[in-house]
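First up is the structure itself, then whatever we jot down about it.
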Amino acid sequence: MKKDILLVEDSRDDQELTLNAFARLGVADRVRVFDNGIEVVEYLLGPEANHAVRPILILLDLNLPKLNGIEVLQLLRADPRTQTIPIVMLTSSPRDEDRLRSYRTGINSYICKPIDFDRFLWVTKQLSLYWTTVNEPPTDKPSADDEMPKT
């Protein structure tokens, strides 16, 4: 199974830091980078979306241009095609209200970006190992229990 991760981050420095960490860890087949919320929503839900390629994880920044992280999260959680994709809010905001709003909107995990590179590498390793090797994502194929009864 391909292990694609989507990184939604507007800071070039944070993009580079995250890509460097993933390259060192070698846990993803590909990390796709999006500079703003609209780009990732179009990629996942737009008319050109390829739903055969499902990311195993989305790393989403809270403070994004055009559509912020909460707005992106609301759109992705509202659509059945993307409802079950794990999304981790990877942000610099330690504010309780941001964390609470993220969880209430459907985030799977909330992580404050460490400033120190060694700590950032450790955090990235932990989250990537969990989401790429330990977590068992849903297949999104309906089971017999999910099927509507025939009338």
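Please indicate, with yes or no, whether at least one residue in the range 30-46 is loosely packed, with under 15 Cβ neighbours inside 10 Å and under 15 Å from SER128 (Cα atoms). Working first, answer last.
Quick first cut of the range 30-46, residues loosely packed, with under 15 Cβ neighbours inside 10 Å only: 30, 42, 46.
Filter once more, keeping what is under 15 Å from SER128 (Cα atoms): 30.
Within the range 30-46, one or more residues are loosely packed, with under 15 Cβ neighbours inside 10 Å and under 15 Å from SER128 (Cα atoms).
List pairs: first residue in the range 106-122 and under 12 Å from ASP14 (Cβ atoms), second residue surrounded by 14 or more Cβ atoms within 10 Å (Cβ to Cβ) and of a type in the set (Lys, Arg) anywhere in the structure, Cβ distance under 9 angstrom, at least six positions apart or on different chains.
These pairs meet every condition: PHE120/LYS113.
Checking ARG54 against (1) within 26 Å of THR133 (Cβ to Cβ); (2) charged (D, E, K, R); (3) assigned to a loop (DSSP other than H, G, I, E, B); (4) without any contact (Cβ under 8 Å) to a residue 40 or more places away in the chain, which test does it fail?
Every condition holds for ARG54 apart from (4).
Just give me the residues in the range 13-29 being touching a helix residue (DSSP H, G or I) at 6+ places or on another chain (Cβ under 9 Å) and exposed (fewer than 14 other Cβ atoms within 10 Å of the Cβ), in sequence order.
If the condition is that a residue be touching a helix residue (DSSP H, G or I) at 6+ places or on another chain (Cβ under 9 Å) and exposed (fewer than 14 other Cβ atoms within 10 Å of the Cβ), then ARG24 is the only one that fits.
For LEU44, which of the numbered conditions (1) farther than 20 Å from SER11 by Cα; (2) in contact with a helix residue (DSSP H, G or I) (Cβ under 7 Å, 6 or more places away or on another chain); (3) without any contact (Cβ under 8 Å) to a residue 60 or more places away in the chain; (4) not in a helix (DSSP H, G or I) fails to hold?
Of (1) farther than 20 Å from SER11 by Cα; (2) in contact with a helix residue (DSSP H, G or I) (Cβ under 7 Å, 6 or more places away or on another chain); (3) without any contact (Cβ under 8 Å) to a residue 60 or more places away in the chain; (4) not in a helix (DSSP H, G or I), only one is false for LEU44: (4).
Quick one: how many residues across the range 1-41 are hydroxyl-bearing (Ser, Thr, Tyr) and within 14 Å of the chain's Cα centre (by Cα)? So that I can check it myself, show each step before the final result.
At the first step, the residues of the range 1-41 found to be hydroxyl-bearing (Ser, Thr, Tyr) are 11, 18.
Subset that is within 14 Å of the chain's Cα centre (by Cα): 18.
Of the residues in the range 1-41, 1 are hydroxyl-bearing (Ser, Thr, Tyr) and within 14 Å of the chain's Cα centre (by Cα).
Is it the case that SER102 is modelled with pLDDT under 95 and either polar (S, T, N, Q) or touching a strand residue (DSSP E or B) at 6+ places or on another chain (Cβ under 6 Å) (or both)?
Numbers: modelled with pLDDT under 95: no; either polar (S, T, N, Q) or touching a strand residue (DSSP E or B) at 6+ places or on another chain (Cβ under 6 Å) (or both): yes.
Taking the combined requirement at face value, the residue does not satisfy it.
Can you tell me which residue is surrounded by the most Cβ atoms within 10 Å (Cβ to Cβ) among those in the range 57-82 that are aliphatic (A, V, I, L, M) and part of a helix (DSSP H, G or I)?
First, pick out the residues of the range 57-82 that are aliphatic (A, V, I, L, M): 57-60, 62, 64, 67, 70, 72-73, 75-76, 78.
Applying the additional criterion that residues be part of a helix (DSSP H, G or I) yields 70, 72-73, 75-76, 78.
Numbers: ILE70: 21, VAL72: 27, LEU73: 23, LEU75: 17, LEU76: 23, ALA78: 11.
Checking each candidate, the answer is VAL72.
Go through (1) surrounded by fewer than 18 Cβ atoms within 10 Å (Cβ to Cβ); (2) out of contact with any Asp or Glu (no Cβ under 7 Å at 6 or more places or on another chain); (3) not small (Gly, Ala, Ser); (4) not in a helix (DSSP H, G or I) for ASP10 and report which single condition fails.
Result: ASP10 passes all but (2).
Kindly establish whether LEU17 is touching a residue at least 60 places away in the same chain (Cβ under 8 Å) and either in a strand (DSSP E or B) or touching a Phe, Trp or Tyr at 6+ places or on another chain (Cβ under 7 Å) (or both). Lay out the reasoning, then the answer.
Values: touching a residue at least 60 places away in the same chain (Cβ under 8 Å): yes; either in a strand (DSSP E or B) or touching a Phe, Trp or Tyr at 6+ places or on another chain (Cβ under 7 Å) (or both): yes.
Criteria met by LEU17.
The values are calculated or read from the model by the stated rules, or taken from the named source; none is laboratory data. A quick note: this is a predicted structure, and the numbers were derived from the prediction, not measured. Cβ atoms come from the backbone with ideal geometry, glycine included; neighbour counts cover every protein chain shown.
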